[in-house]
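Please read the structure below before turning to the comments.
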Amino acid sequence: MNVGPLTGSTLMKFIENKDVFENCVNEYFKRIDASRKGGISRDMLCEGFGGFFVPESEPQSKEEIERVCDTVFERFDKDRNGNIDRGEFGSLLREIMLVMAKGLGNTVVLVCLDRDGLLSRAVKHESAREK
């Protein structure tokens, strides 16, 4: 794992680059949708979602993870079919990144970056833009 600087602006620029962000959404959706049925079940989401963000220092209990997944499905499973489709998943990731960007504002925070995580992709995107 590497360490890198992160600001709200870093995340906003990443989200605003539609092609780059949508490519990440598609890639992560395919990783979680192991069955290739075009939808992510609640169980698939709970198992796969944590890999896209740096894990917290304390392990989360199964109950906490289930509560988060329940909330995600209540908010983002718009058609109430029990699966998060590609569009719903994109909305979920976008909202998470927007909330993080708003919370960070202009503050520079050093974060541990997972090789394939969204935060790592955002930092790499900004670094590439600066060159």
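Listing for the model above:
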item: 5 angstrom amide H check on L113, placed H, neighbours 5+ away; result: N2, V3, G4
item: Folded to 0 to 90 degrees: helix 118-130 orientation relative to the chain principal axis, Cα; result: 30
item: Amide H contacts under 5 Å for I40, placed H, 5+ residues apart; result: I84, D85
item: Degrees between helix 18-32 axis and first principal axis of the chain (Cα, 0 to 90, nearest 10); result: 40
item: Spatially proximal lysines relative to K18 (Cα-Cα < 16 Å; intrachain offsets below 8 disregarded); result: K124
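Readers should treat all values here as calculations from the given coordinates under stated rules, not as data from a laboratory. All of these numbers come straight from a predicted model, not from anything done at the bench.
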